[in-house]
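Visitor: The structure that follows is given in the form of C-alpha cells.
Every number here is computed from the coordinates shown, using simple stated rules; none is lab data. As the structure is a prediction and not an experimental result, all values here were calculated from the model. Ideal geometry is used to build each Cβ from the backbone, glycine not excepted, and the neighbour counts take in all protein chains shown.
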Amino acid sequence: MRLPAPVLLASLVAGGCGLTVTNERPGYGELGAEEQAAVQTILKELTRFDAQLRVTTGNQHSIEEILDRERIHVSFEGLIFSANLGDDLIHVAVWENLGQEKQALIQRWFKASSPQAARAVYVKLFYQFLAVVQGVKQFIYRLHTPEWVFKHRTLYSLELDSVRTALAHYDREGRRPEMWPFLKNACTPVLAQYAADFSSKFSKKYLQRNFTEIFDPDDPTGYMYFMCRWIEMGMQEAGGLGGEVQWLIDLPN
C-alpha cells in the first residue's frame with residue numbers, strides 16, 4: 001500500500017521536537033525491485049554501524065532492533081524524506097518514488113549534470129550516510145528513550161550529534177577517503193545556492209520554532225541546507241568514534 005502525499009502529510013504530527021508517522025506501511029515482500037534494493041543498501045549500512053558500535057562499547061550497546069528489513073520504511077510517494085522518529089523504524093524515501101518534480105529539485109540542489117547523476121548523489125547520501133545518521137539516533141533513543149531526548153535535546157543538537165557520530169563511524173571504518181570528500185562535493189553547491197535563504201536562520205531557536213518548514217518533506221531544501229551545515233560543522237568537530245559514543249552515553253540533562 002503506497003502512501004499518497006496528502007495522506008502522509010496529514011499524518012506528520014508535531015509532537016514536541018519530533019514527528020510521528022502513523023500510516024500503515026507495506027512489508028518487504030510487497031515492495032518493488034527498486035525499493036527492495038534500497039532497503040538492502042540501508043540495512044547493510046546500519047549493520048556496519050552496529051558492528052562498529054558493538055566493538056566500540058565492548059558489545060554493551062547495539063541497534064539490533066532495527067536491523068531488520070521490515071523495520072525500514074521506504075514507500076513514500078512524491079516526498080523527500082529521511083528520518084528516525086523514535087518509532088523503531090528508519091524512514092527513507094526511494095528515488096524512484098519521488099516523481100519528476102522532486103527529482104528535478106534534487107538535481108538543482110546538487111547541480112548535477114543529469115537526473116542519473118542526481119540519483120547517484122541522492123542514493124549515496126540518503127541510503128548510506130543519512131541512513132547511518134538515523135541509526136545513530138536509534139542508539140540515542142535506545143539509551144535515553146525518545147521522550148527524554150525530545151525533552152532534553154533540541155532538534156538542532158540531536159541532528160548535529162548524529163551527524164558527528166556518523167562521520168566518526170566512517171572514519172573508524174576506514175571509509176573517510178570515500179565518504180568525506182563525497183559529502184563535501186555534494187554540499188558545496190547546496191551551501192552556495194541557499195545561503196541567502198537560510199544562513200540567517202541556521203540556529204537552534206529558529207529550527208525549534210520552524211521545524212515543519214525546514215523539514216517539510218514536500219520541499220526540504222531548508223533541511224538539506226541545515227544538513228550540509230551540520231556536516232560542515234561535524235567535519236570540524238568530530239572526534240574518534242569512541243569519544244562520540246561516550247558523549248552520547250553521558251548526555252547531560
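Visitor: Between beta-carbons, use under 14 Å as the cut-off and find the net charge around Thr145, counting Lys and Arg +1, Asp and Glu -1.
Guide: Value of the local net charge: 0.
Visitor: Quick one: if you stick a label point 7 Å off each Cα along the C-beta vector at Lys204 and Glu77, how many nm between them?
Guide: Once both label points are built, they end up 4.1 nm from each other.
Visitor: Let me ask something additional. Report the calculated FRET efficiency for Gln246 and Asn185 (r = Cβ-Cβ distance, R0 = 30 Å), to the nearest 0.05.
Guide: With a Förster radius of 30 Å, E is 0.45.
Visitor: Taking the number of other C-beta atoms within 10 Å as the exposure measure, put Lys205, Lys137, Lys184 in order starting with the fewest.
Guide: Lys205, Lys184, Lys137
Visitor: Another one. Label the stretch 139-235 by shape, choosing from rounded, prolate and oblate, from the square roots a ≥ b ≥ c of the eigenvalues of the Cα gyration tensor; if a/c is under 1.5 it is rounded, and otherwise prolate applies when a/b is larger than b/c, oblate when it is not.
Guide: Note, shape of the stretch 139-235 comes out oblate.
Visitor: What does the helix-only formula give at 222 nm for the chain: each DSSP H stretch with n ≥ 4 adding -39500 (n - 2.57), the total divided by the residues, and the result rounded to the nearest 500 deg cm²/dmol?
Guide: -19000 deg cm²/dmol
Visitor: Computed FRET efficiency, Cβ-Cβ of Glu101 and Arg175, R0 45 Å: what is it to the nearest 0.05?
Guide: The calculated FRET efficiency here is 0.85.
Visitor: Using the beta-carbon distance between Ala192 and Gln40 and R0 = 35 Å, what value does 1/(1 + (r/R0)^6) give for FRET efficiency, to the nearest 0.05?
Guide: 0.55
Visitor: What distance in nm separates the two pseudo spin-label positions at Ser113 and Trp148, each 7 Å out from Cα along the beta-carbon direction?
Guide: Calculated label separation equals 5.0 nm.
Visitor: Of the listed pairs Lys151/Lys205; Lys102/Lys205; Lys102/Lys204; Lys102/Lys124; Lys102/Lys184, which have alpha-carbon separations greater than 19 Å here?
Guide: Lys102/Lys205; Lys102/Lys204; Lys102/Lys184
Visitor: Take the alpha carbon gyration tensor of the stretch 152-202, find the square roots of its eigenvalues, order them as a ≥ b ≥ c, and report rounded if a/c is under 1.5; if not, report prolate when a/b exceeds b/c, else oblate.
Guide: oblate
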